[in-house]
1. Would you pick out the residues in the stretch 360-381 that are assigned to a loop (DSSP other than H, G, I, E, B) and out of contact with any Asp or Glu (no Cβ under 9 Å at 6 or more places or on another chain)?
2. Looking only at the stretch 158-186, count how many residues are on the phi > 0 side of the Ramachandran plot and surrounded by fewer than 24 Cβ atoms within 10 Å (Cβ to Cβ).
3. For the structure I just gave you, tell me whether Pro31 is surrounded by fewer than 17 Cβ atoms within 10 Å (Cβ to Cβ) and assigned by TED's automatic domain parsing to the domain that holds Gly126.
4. Find the residue count for the stretch 1-33, including only residues that are closer than 12 Å to Val243 by Cβ, among the β-branched types (Val, Ile, Thr) and in contact with an Asp or Glu (Cβ under 7 Å, 6 or more places away or on another chain).
5. When Gln131 is evaluated against the numbered criteria (1) touching a residue at least 12 places away in the same chain (Cβ under 8 Å); (2) surrounded by fewer than 24 Cβ atoms within 10 Å (Cβ to Cβ), which criterion, by number, is the only one it fails?
6. In a strand (DSSP E or B) and either among the charged types (D, E, K, R) or assigned by TED's automatic domain parsing to the domain that holds Phe173 (or both): which single residue out of Val103, Val41, Val117, Val58 fits that description?
7. Could you look through the stretch 69-100, keep only residues that are touching a residue at least 60 places away in the same chain (Cβ under 8 Å) and not in a helix (DSSP H, G or I), and pick out the one that is nearest to the chain's Cα centre (by Cα)?
8. Has the stretch 346-365 got at least one residue that is charged (D, E, K, R) and modelled with pLDDT under 90?
Amino acid sequence: MVYLDNAATTPVHPTVVQVIQDALINDFGNPSSTYRIGKSVKHALIQARKQLAELLNVSETDVYFTSGATEANNWAIIAQANKSREFGEGHHIVTTAIEHPSVTNVTKYLETQGFDVTYIQPNEEGEITVQQFLEATTDKTIGWIAMAVNNEVGSILPVQELGEAAYEQKLWFHVDTVQALGHLELDYQALKCTSFVGSAHKFNGPKGIGFLVYRTYQEHNHLEPLLHGGGQEGKMRSGTENVPYILGMVKALELAKKDITSNFEKFEELQAYLLTSLDSIGISYEINGDQKNRVPYINNLWFNGNIASQMLIKMDLDGVYISAGSACSAGSLTESEILKAYYPNQSERWSQSLRISFGYQTTKADIDQFIHTLEKITKGKIDLWHSNK
């Protein structure tokens with residue numbers, strides 16, 4: 001098996017598996033219980049929140065555990081939008097046209113609730129700029145939204161600069177940092193955003209656990225409860241905390257941050273190897289997205305004349321697992337909205353591009369197998385029903 005779809009999800013690190021297993025066996029108590037085994041788990045939860053805050057260089061009082069980034073994006077954006085409108089600050093939001101569906105579908109929902117949303121398109125160089133956000137801002141604008149790293153093409157957005165500008169404009173600023181956490185160095189304390197999110201399964205942690213960091217920039221724009229019940233998470237998100245997975249997530253981020261520099265260098269080497277290998281066998285391709293500002297661990301390539309859906313099936317038959325874009329559409333494979341935003345006049349790119357994304361476990365041998373399979377596909381040596389390994 002060759003797994004090159006780490007932007008969709010990552011394998012859980014063996015050390016993280018052990019942490020989760022130990023907690024499931026030994027720390028099974030309810031952290032809200034008053035007896036010793038409950039108090040012991042409560043202490044572990046408190047320490048995990050403190051450690052996560054230290055890893056992110058933020059205040060532990062600003063950290064809320066969630067089921068993942070989708071929940072956290074929904075919670076933060078809707079809360080800030082509603083509070084701003086409630087206090088008469090306006091009803092206009094500026095975001096990008098290349099956000100993850102867990103952001104884009106939230107802003108589309110807000111449009112049905114009377115909010116106006118401007119979607120910034122990448123410019124001719126594939127960039128999203130601060131100037132574009134400023135030009136779209138009006139006296140009715142209440143907040144900005146931008147992701148740190150695009151999940152389909154790997155473009156890096158200028159969230160540090162956007163945060164500075166949003167702060168000067170007295171706007172809330174939400175950042176989806178899912179594809180940056182554990183892979184790209186960011187100073188989250190210096191990042192002038194009011195909220196950002198993470199999801200453990202993107203950095204070799206378990207699925208179903210994530211977090212929201214929410215920093216109130218104005219006294220009235222505080223976070224409202226997402227779920228009502230027992231009052232967990234500072235009465236902001238009720239429900240018994242998933243302590244084993246929380247501990248696993250924190251351990252996963254600790255491991256990722258420890259190796260972040262060496263892994264990034266490895267990803268740069270693998271990216272160069274991938275592109276050089278494609279060039280060496282004469283397979284024609286073009287890189288999608290921002291050509292200058294992009295991470296090395298997400299590579300979206302256009303293979304002109306080859307339908308992505310058919311290539312994925314043939315790759316699967318040969319034991320190679322990649323994708324054609326976001327994996328968050330309930331298993332459906334449709335034309336990429338992200339590529340439509342980047343290339344509105346090149347419709348062939350939308351359905352002829354593949355995403356190859358690396359993880360800490362990726363090797364050059366994995367890329368060799370991908371290249372070998374791709375060469376067989378482009379030369380018609382793999383049909384849809386039989387694998388010719």
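1. Of all residues in the stretch 360-381, those assigned to a loop (DSSP other than H, G, I, E, B) come to 360-363, 379-381.
Those that are assigned to a loop (DSSP other than H, G, I, E, B) and out of contact with any Asp or Glu (no Cβ under 9 Å at 6 or more places or on another chain): Gln361, Thr362, Thr363, Lys379, Gly380.
2. Step one: list which residues in the stretch 158-186 are on the phi > 0 side of the Ramachandran plot, which gives 170, 182.
So of that shortlist, the ones also surrounded by fewer than 24 Cβ atoms within 10 Å (Cβ to Cβ) come out as 170.
Residues flagged as on the phi > 0 side of the Ramachandran plot and surrounded by fewer than 24 Cβ atoms within 10 Å (Cβ to Cβ) within the stretch 158-186 amount to 1.
3. Against the criterion (surrounded by fewer than 17 Cβ atoms within 10 Å (Cβ to Cβ) and assigned by TED's automatic domain parsing to the domain that holds Gly126), Pro31 does not qualify.
4. Of the residues in the stretch 1-33, 0 are closer than 12 Å to Val243 by Cβ, among the β-branched types (Val, Ile, Thr) and in contact with an Asp or Glu (Cβ under 7 Å, 6 or more places away or on another chain).
5. (1)
6. Val117
7. That would be His100.
8. no
The values are calculated or read from the model by the stated rules, or taken from the named source; none is laboratory data. In this text, all values refer to a predicted model and were calculated from it rather than measured experimentally. Counting neighbours? That spans all protein chains shown, and the Cβs are built from the backbone with ideal geometry, glycine included.
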